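Each remark here refers to the structure printed beneath this line.
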Amino acid sequence: MRDDFQDIVGRLDYPMLVVTAVAGTGADPERSGCLVGFSTQCSLDPPLYAVWISQANRTHEVAAASDHLVLHFLSEAERHLAELFGQETGDEVDKFSHCAWRPGPGGVPILEGCSNWVVGRVLDRRDSGDHTLMVVEPIEAHSSPFTPLGFQAVRSLEPGHPA
Ligand SMILES: Cc1cc2nc3c(=O)[nH]c(=O)nc-3n(C[C@H](O)[C@H](O)[C@H](O)COP(=O)(O)O)c2cc1C
């Protein structure tokens, strides 16, 4: 059963995001971000979006304390951000010293190299297996025509943090 399940979900395609977060408001807040494939819009009115963050990731602890998350919807041309945020872990590397960003609401990092992003206020968090569901309400966004970077295009990347 498990192999068949893996076979099915391994063939699906869905958009890849980089989710960023910030914890702490002092002089030295902690910023974190990771590549995310598990996500979906989950309400129309009000508009809400859900992402699932692995409890093993550095980003999990930071996102658990972050009032806002930024959802960066990657285009095919922004693959380098998938490689940086999906293959490196904040336990070892300061990813934000390897890319351009600016602070958004509450200091949450908005990546300059991504044209399609949504700043969301975190409304809810729930355990969901080995990931945590985080539901956000969009409060700011920027869009531009793009071809989404899909899971199938990056599935061979080696995750920076073991699951
Ligand atoms: C194709 C792909 C999909 C991924 N999907 C998710 C996901 O949905 N949720 C998640 O928390 N991590 C996901 N990851 C794993 C993290 O992006 C990765 O382990 C990252 O290095 C964690 O960084 P951090 O420890 O700094 O948070 C995915 C990685 C890859 C390569």
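All of the numbers you see were taken from the coordinates with simple rules; none came from a lab. Source: prediction; values computed, not measured. Neighbour counts run over all protein chains shown; Cβ positions are idealised from the backbone, glycine included.
Key figures for this structure:
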quantity: Directionally averaged projected area (convex hull, Cα atoms, region 13-118), nm²; calculated: 6.9 nm²
quantity: Net lengthening on full extension, GLN6/GLU140 (0.36 nm per residue, minus Cα-Cα); calculated: 44.7 nm
quantity: Fluctuation leader among LEU44, LEU17, LEU149 - the chain, Gaussian network, Cα springs under 10 angstrom; calculated: LEU44
quantity: Hz values of 3J(HN,Hα) by residue in region 103-115 - Karplus curve (6.51, -1.76, 1.60), Gly and Pro given as x; calculated: x, x, x, x, x, 5, x, 10, 6, 5, x, 10, 8
quantity: Pairwise label distance in nanometres, ALA64 with ASP94, each label 7 Å out on the Cα-Cβ vector; calculated: 2.5 nm
quantity: Inter-probe distance in nm under a simple model that places probes 7 Å from Cα toward Cβ, at GLU158 and GLU112; calculated: 3.1 nm
quantity: Listed residues SER32, SER43, SER75, most fluctuating in the chain (Gaussian network, C-alpha, under 10 Å); calculated: SER43
quantity: Relative contact order computed over the chain (Cα-Cα under 8 Å; 6+ residues apart), in percent; calculated: 29 percent
quantity: Under 5 Å, built H, 5+ apart or other chain: amide partners of GLU140; calculated: VAL119
quantity: Scaled radius of gyration (Cα, divided by 2.2 N^0.38 Å) that region 86-163 gives; calculated: 1.27
quantity: Vicinal HN-Hα couplings computed from phi for region 21-28 (Karplus, 6.51 cos²θ - 1.76 cosθ + 1.60; Hz; Gly/Pro x); calculated: 8, 9, 10, x, 10, x, 5, 10
quantity: Karplus 3J(HN,Hα) series, Hz, for region 5-10 with 6.51 cos²θ - 1.76 cosθ + 1.60 (x for Gly, Pro); calculated: 4, 4, 4, 5, 5, x
quantity: For region 61-121: Kirkwood Rh in Å [reciprocal of mean 1/r, alpha carbons]; calculated: 12.3 Å
quantity: Sequence-distant residues sharing a close amide H with PHE38 (under 5 Å, placed H); calculated: TRP52
quantity: Loop-located GluC sites (Glu not before Pro) in region 90-150, at most 11 other Cβ atoms within 10 Å (DSSP); calculated: GLU92, GLU112
quantity: Residue-averaged [θ]222 nm for the chain, counting only DSSP H segments that reach four residues, each worth -39500 (n - 2.57); calculated: -5000 deg cm²/dmol
quantity: Whole-angstrom gap from region 74-92 to region 1-73, using each part's C-alpha centre; calculated: 13 Å
